[in-house]
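S.K.: Here it is, the structure in full.
FYI, it's all coordinate maths here, none of it is from the lab. As the structure is a computational prediction, the values presented were derived from the model and not from experiment. Quick reminder, even Gly has a Cβ in these numbers, built from the backbone with ideal geometry, and neighbours come from all protein chains shown.
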Amino acid sequence: MTLSNVWRNLLDLQHHKVLLIYDNVESSDLIRKYWPVANQGCALITARNHNLAYEPAETGIEVLPFDTETGSVFVLHLLSLDIAADVATQESKSAAQLSERLGGYALAISQMAALIHRRSWTIEEFLAIYDRFQSAFFSCLSLFFN
């Protein structure tokens, strides 16, 4: 008996609803053998492949990037323990610029806010560093994603 058969049988024997999370799936072939046969719960698939919204899933929800204002509010919220109320007004312009530079992507904003927090930078300081090293940063990323 293969691992996928054991997994599916285990899910089929459950008397409780389950939530399965398949993160960063590239194709339906990768998860098909682990897809539950019985309707014993729900599955959440994160993927860039829009076809996965319909096979093996039945419906999909596209998560869109934040607009500049929402992204800015998100940045300030993530850093609210680090930024005093009087400084938040000064940093709001920088937060909007950060949101724009990161394309409004919540995960990117969250990761950069964590870096800002760890380094005890202001958003403005981070933007200066980001702008200075942006090409090197994207060159490193291209090694992983190309």
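S.K.: Taking 0.36 nm per intervening residue step and subtracting the Cα-Cα distance, what contour gain separates GLU69 from THR89 on full extension?
M.R.: My answer for the length gained is 5.9 nm.
S.K.: Give me, ordered by chain and number, the residues 5 or more places off LEU20 or on other chains with an amide H under 5 Å from its own placed amide H.
M.R.: Result for LEU20 returns CYS42, ALA43, LEU44.
S.K.: Test of understanding: ordering SER72, SER94, SER99 by Cβ neighbours within 10 Å, fewest first, what list do you get?
M.R.: Placing the least packed residue first, the sequence is SER94, SER72, SER99.
S.K.: Next question. How far apart, in nanometres, would the label points at GLU124 and GLU55 be if each is projected 7 angstrom from Cα along the Cα-to-Cβ direction?
M.R.: Label-label distance for GLU124 and GLU55, simple model: 5.4 nm.
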